[in-house]
Protein chains: 2
Amino acid sequence: MTSGGDVTVSPGNVPVYHKNNLEVIDRRVKVAEVVLRCMICGLGILAAVLVGSDTQVREIFTIRKKAKFTDMKALVFLLIANGIAAGYSFIQSLRCVVSVIRGSLLVNKPLAWAIFSGDQVSHLCLRLRLSCFTLRVMAYVLMAAFAAAAQSSVIAEMGQPEWQWMKVCNLYEKFCTQAGEGMVIALVVSLSMITLSFISAFNLFRLYGETEAQNRGGW
Amino acid sequence: MTSGGDVTVSPGNVPVYHKNNLEVIDRRVKVAEVVLRCMICGLGILAAVLVGSDTQVREIFTIRKKAKFTDMKALVFLLIANGIAAGYSFIQSLRCVVSVIRGSLLVNKPLAWAIFSGDQVSHLCLRLRLSCFTLRVMAYVLMAAFAAAAQSSVIAEMGQPEWQWMKVCNLYEKFCTQAGEGMVIALVVSLSMITLSFISAFNLFRLYGETEAQNRGGW
């Protein structure tokens, strides 16, 4: 049990102003976090499947021509980035659930603190501060993959007449539509990852503030 | 004057462990911050100038052909993003200097706190928490601009034979070399901005921790 100024801080005796804060903000943050993680997982897989299955065969004057997603290296990058984001999000969610289950069986001091303060999931997960960094790096990679794919798509859709790069989307309509759908979903995944990394930083701020306050109080 | 547990915290009486912390970490962080801001400012302008002045005229069988940076929309995006980053970095640095100068003339309570705690520049600047958010958004935009330009360059350099998009870099060698130089510099600017936004978040953590500790102590 540690004391901080006039307020006694312990797992069993959480200060009123702190509890109010938790109740108001935490519920929204938690819901947003869970929704975003699920979105990234589901939509990441959807984007990867849409891009990975994107192919079209056309016959132009007896010449059989095939467009596939591997022709456009940016789409391969997009597929890999979204696959990794979906996988990471899934593993991270699983880890959270496992931590909570194990925590309720094997109660030790920091776990008790986290559980009693009423903020189990995010505190348990955010003790791994690396996850905040990883989310951010992943957000940059997803954004870069989307931007590269978007650039390719603009050329495929509009052509680049100055350099004699023809439009290909009037030939491979179905291919372009499917790639476009995949990219819109990839954009949503990127933005969700950016938002999640902001939330993660926000959670880390609070955690840091609490740890600091406890340390100061304990001195 | 506020008291936090056993340690009296006031502008005139900074706790020893805190001061040691500041002395060790702050000098390095400050130097890194200043170096990064200068790099972003200088290299951002250089990248914008290199890209903006990129043009080449070739005569192919009496046909006069011109490649200019506006042909490649991603290069225009890269130029704008780097220009904004350089401008923002310059204004932000100027703001810091002005704050410090004004602060030493017009001493009020929070300024006094910042000055006495020996961490003038970063505290004064970081009181505008928005700057952390802005840096991060800018880092995303710079990364996206670089990725889009890199994708265009790969097509220009290697071609896309499946879609009859020819290489253009064997025709416009000087144009491609200059664009490549601009892009390498833009990549350095992006990475510097990402690092700066990490440093900014780190500073904000400390600031947040201190404020929290003070608030807790004051209760």
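The values are calculated or read from the model by the stated rules, or taken from the named source; none is laboratory data. Remember, predicted model here, so these are calculated numbers, not experimental data. So basically every Cβ, Gly included, is an ideal-geometry build from the backbone, and we count neighbours across all protein chains shown.
Taking segment B:37-52 as the range and being without any contact (Cβ under 8 Å) to a residue 40 or more places away in the chain and in contact with a Phe, Trp or Tyr (Cβ under 9 Å, 6 or more places away or on another chain) as the test, only B:Gly52 passes. When we screen B:Ser190, B:Ser152 for residues that are among the polar types (S, T, N, Q) and closer than 21 Å to A:Lys167 by Cβ, the only hit is B:Ser152.
Inside segment A:143-163, residues that are touching a residue at least 24 places away in the same chain (Cβ under 8 Å), more than 7 Å from chain B (Cβ to nearest Cβ) and surrounded by fewer than 24 Cβ atoms within 10 Å (Cβ to Cβ) make up a count of 1. For segment B:164-195, the set of residues classified as of a type outside the set (Phe, Trp, Tyr), without any contact (Cβ under 8 Å) to a residue 12 or more places away in the chain, outside any helix (DSSP H, G or I) and within 11 Å of chain A (Cβ to nearest Cβ) consists of B:Gln164, B:Met166, B:Lys167, listed by residue number. Put simply, of B:Leu135, B:Leu75, B:Leu111, B:Leu46 the only residue that is modelled with pLDDT of 85 or more and over 15 Å from the mean Cα position of the chain (by Cα) is B:Leu75.
Evaluated against (1) at pLDDT 85 or above; (2) buried (at least 19 other Cβ atoms within 10 Å of the Cβ), B:Ile80 falls short on exactly one condition, (2). Please go through segment B:48-72 and pick out each residue that is part of a helix (DSSP H, G or I) and either β-branched (Val, Ile, Thr) or in contact with a strand residue (DSSP E or B) (Cβ under 9 Å, 6 or more places away or on another chain) (or both). Passing the criteria: B:Val49, B:Val51, B:Phe69, B:Thr70, B:Asp71.
Give the residues of segment B:54-74 that are surrounded by 12 or more Cβ atoms within 10 Å (Cβ to Cβ) and not aliphatic (A, V, I, L, M), sorted by residue number. Hits for segment B:54-74 are B:Asp54, B:Thr55, B:Gln56, B:Arg58, B:Lys65, B:Lys66, B:Lys68, B:Phe69, B:Thr70, B:Asp71, B:Lys73.
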